[in-house]
1. Taking the Cα atoms of the range 3-86, what is the range of coordinates along each of the three principal axes, in descending order and whole Å?
2. Using all alpha carbons of the range 1-157, what is the percent of pairwise distances in each 5 Å bin, ordered from the shortest bin to the longest?
3. Of Ala93, Gly210, Val134, which is farthest on the positive side of the dipole of the chain, counting Cα position, with +1 on Lys and Arg Cβ, -1 on Asp and Glu Cβ, and the Cα centre as origin?
4. Charges only on Cβ, +1 for Lys and Arg, -1 for Asp and Glu: so what's the dipole of the chain about the Cα centre, in debye to the nearest 20?
5. What percent does the relative contact order of the chain come to when contacts are Cα pairs within less than 8 Å and at least six residues apart?
6. Applying the Karplus parametrisation 6.51 cos²θ - 1.76 cosθ + 1.60 with θ = phi - 60° to the phi angles of the range 211-218, what ³J(HN,Hα) value in whole Hz is obtained for each residue in order, glycine and proline being reported as x?
7. About the Cα centre of the range 144-190, how large is the charge dipole given +1 on each Lys and Arg Cβ and -1 on each Asp and Glu Cβ? Please answer in debye to the nearest 20.
8. Using +1 on the beta carbon of Lys and Arg, -1 on that of Asp and Glu, and nothing else charged, what's the dipole of the range 164-268 about the Cα centre, debye to 20?
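Read-outs: derived from the displayed coordinates by stated rules, not from any lab. This is a predicted model, so every value here is computed, not measured. Glycine also receives a Cβ, built like all others from the backbone with ideal geometry; neighbour counts cover every protein chain displayed.
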Amino acid sequence: MPRDDLSDLLAFIAITREGSFTRAASKLGLSQSALSHRIRAIETRMGVRLLNRTTRSLGPTEAGERLLAAVTPRFEAIESELQALGALRDEPAGTVRITAVDSAVDTYVWPRLAPLLQRYPDLRVEIDTGYRMVDIVAEKYDFGVRVGEAIAKDMVAVRISPDFRRLIVGAPSYFAQHGEPRTPQDLLKHNCIALRLQKGGIYAWPLQNGTQEQTVRVEGQFTFNGSYQVLHAALSGSGLALSPEYLAGPHVAAGRLRAVMQDWQPVSAGFHLYYPSRRHMPRVMRIVIDALRHDGAAAPTGSAAPADGVDHQVQGA
């Protein structure tokens, strides 16, 4: 096959994957006009239209869908084999993309990957922080990091942290003025610091006391979209927060915060690194998995998820 045909096919696949000439051109390192020229060229050679283009949408025609079904698996197989061959290099190289919540990055991901980057100078790690659940396949991430109960059941998951409690905390100055809540219903009378999820909703507090479970939709004067801002607001005496013990615990120990309703502390199934099953996994990804894998330290009392650090198929919530 002529080289131009291969380049034009790759351009066509990139456009359909990205859903945009602009993004595809950026990914391929081409101008939009050069990319449009390649699509016109392949459509002319084949004598059929491959893309339906309007001012609002872009998608393959019936002929384009047929071409994609025929050639995309072959290009993916070639890419997979090239990655497998690259894994034979003495020194791992390449970019690994990870999506994770900010507190997991600071507590577990970055401290373990930083030494790895010093050891392997050709390794690059790109981390995107956010609270929405990401389709890592569609958005081309290598890994995601979320709590175990939130991961889809068709993903392979590797534990990177023990289970952890979430504490209801406030500053001593707040309790001096407003008193302490005793029951989940009492929280509705308090100024609670809310966490807004990236889909727009407010995170409801999932409280647990033995076999009893209650979900409380708290309200208050402050709403943030990050766990660190929620914690800082609690430290300032602005209200109550539901905060992971690995963040709030040191402040409780130092007396800057006080944990209340300790018989209603929910337990999360720890952070897991998750990814789709792959036939040929590049060595660089294996190295990242091994670096992040939990060492099996004891989890908090009441934990239900396995803490053995073994890969598991995790049931989604």
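1. 41, 25, 24
2. For the range 1-157, the binned pair fractions read 1, 7, 13, 16, 15, 14, 14, 9, 7, 3, 1, 0 percent.
3. Highest projection toward the positive end goes to Val134.
4. On the way: 36 positive and 33 negative charges, 134 e Å.
With Lys and Arg at +1 and Asp and Glu at -1, about 640 debye.
5. Working: 540 pairs, mean separation 72.8, N = 317.
Result for the chain is 23 percent.
6. Ordered by residue, 3J(HN,Hα) equals 8, 7, 10, 9, 10, 10, 8, 6 Hz.
7. Details: 7 positive and 5 negative charges, 8 e Å.
Computed about the Cα centre, the dipole is about 40 debye.
8. Values: 9 positive and 6 negative charges, 39 e Å.
The calculation lands at about 180 debye.
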